[in-house]
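Worksheet: the structure to be examined is printed underneath.
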Amino acid sequence: MAHGEVPQPHDALHVAAADGVTLSVRRHGSPVSPCRVLMSHGIGLAANAYFPFWSQFTERFDVVVYDMRCHGHSDVGPLDTLNVPTLVDDSRLVLKAVQRAWGTKPTVGVLHSLGAVVGLLHAVQEADFAGLVLFDPPVWPTDGMPGDMEARVQRTAKMARRRRDRFEHPGQLAEALAGAPPFRLVPRSTLELIACSTLVEEGDEWRLRCPPAHEARLAEWTFGFTMQLPDVIGSLPIPVKVIGADPTVPFSFLPTIDMSDLITIGYDFVPDHSHFLQFENPTLTSSLVADFLESLELA
């Protein structure tokens, strides 16, 4: 699947953050639907890379996708102000801009990884969501040691800083991803879409839209919030559905293993799927979201 196969949006917004960074927001799907689904992405990725997943919702829902700063079609912004609280402020601005431009309606956040962290903290600050679906949020097991978590995050950040950021063409990145263990379950066509969505042409080469230093900074910020997330999830006064990777699959990024403290929320894990489960099986994962929306009487 090539990047050009992602359809043009019905409408788009360019939302200015407080520091002048411009955030790209696109509207797909059915504008007349009574329910809006807001979708974002994980670290180093882009909303368009999830097209095989979110395209499953466009016939029935008002689908809005947006790229966080330093990702996709949004501005990179300065490294020194890049952190999770800034992304939460951006998320609040985005949803308010969407409501002003396209009307207020029940909105469910369908968010992956870093996007799930941002959405949770947004929901704590503002009652903007009718519900949340969180794909493999980086919730450390309740019996995990903080030192273990920090070491894992620092390894991830170190790898990000060493990441190659320039390629001759998107196919070269897709080939590299195909050989990377974390992407071993992702179809080749989706790897090509990921490459096209996360690279920008610059002269005679292609550059990562999310610079390695920015990706590393966000990975480091993850550690500061993972220990808080179980309490945050359990205290939200809105319906929350967590869909996790199979914790026994190698290369699940930060597997949500012990959810026993969160019995009041809906939790499923998808057997034999990893942290990138929406890429690996968009049909199955989208059906789990649809079931949740139906339970809320929003589908």
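Within the set of other residues whose C-beta is less than 15 Å from the C-beta of residue 103, count the net charge using Lys and Arg as +1 and Asp and Glu as -1.
On the way: positive: 27, 36, 96, 100, 105; negative: 11, 62, 128.
Around residue 103, the surrounding residues sum to +2.
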Could you give the accessible area per residue of segment 1-114, probe 1.4 Å, as a whole number in Å²? 35
If exposed GluC sites (Glu not before Pro) are those in a DSSP loop with at most 14 other Cβ within 10 Å, what is the longest stretch of the chain that has none? 169-296
For the chain, calculated [θ]222 nm from helices alone, where every DSSP H run of n ≥ 4 adds -39500 (n - 2.57): -11500 deg cm²/dmol
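Could you tell me what percent of the DSSP beta bridges with both partners in the chain are antiparallel, to the nearest 5? Before the final figure, lay out the partial values.
On the way: 17 of 39 bridges.
In the chain, DSSP labels about 45 percent of beta bridges as antiparallel.
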Of [x] 1, 5, 10, 13, 14, 13, 12, 11, 9, 7, 4, 2, 0, 0, 0; [y] 1, 5, 11, 16, 18, 16, 12, 8, 5, 3, 2, 1, 1, 1, 1, 0, 0, 0; [z] 1, 5, 12, 17, 20, 19, 14, 8, 2, 0, 0, which one was derived for P(r) over Cα pairs in 5 Å bins from 0, in percent from the structure shown? [z]
Kirkwood hydrodynamic radius, computed over distinct alpha-carbon pairs, for segment 1-144: how many Å, to one decimal? 15.3
Choice from 68, 227, 159 showing the highest fluctuation, given a GNM over the chain with Cα pairs closer than 10 Å: 159
How much of the accessible area of segment 187-226, probe 1.4 Å, is carbon plus sulfur, in whole percent? 52
Cα-based shape type of segment 68-175, given that a ≥ b ≥ c are square roots of the gyration tensor eigenvalues and the cut on a/c is 1.5: oblate
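Taking DSSP loops as anything outside H, G, I, E and B, show the longest stretch in the chain free of trypsin sites (Lys or Arg not before Pro) there with at most 12 other beta carbons within 10 Å. Walk me through the numbers before you get to the answer.
Values: sites that count: 162, 164.
For trypsin sites (Lys or Arg not before Pro) (loop position, at most 12 other Cβ atoms within 10 Å), the longest site-free span of the chain is 1-161.
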Phi to ³J(HN,Hα) by Karplus 6.51 cos²θ - 1.76 cosθ + 1.60 over segment 127-132, Hz, x for Gly, Pro: 8, 8, 9, 7, x, 9
Go ahead and set up a Gaussian network model of the chain, Cα springs under 10 Å, then flag whichever of 179, 29, 131 fluctuates most. 179
State, to one decimal in nm, how far the label point of residue 10 lies from the label point of residue 99, with both points 7 Å from Cα in the Cβ direction. 2.0
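The values are calculated or read from the model by the stated rules, or taken from the named source; none is laboratory data. Predicted, not measured: the structure shown is a model, and the values here were computed from it. Using ideal geometry, Cβ is built from the backbone for each residue, glycine included, and neighbour counts are taken over all protein chains shown. With ligands, DNA and RNA removed, areas are computed over all heavy atoms of the protein, side chains included. Shrake-Rupley method; radii C 1.70, N 1.55, O 1.52, S 1.80 Å.
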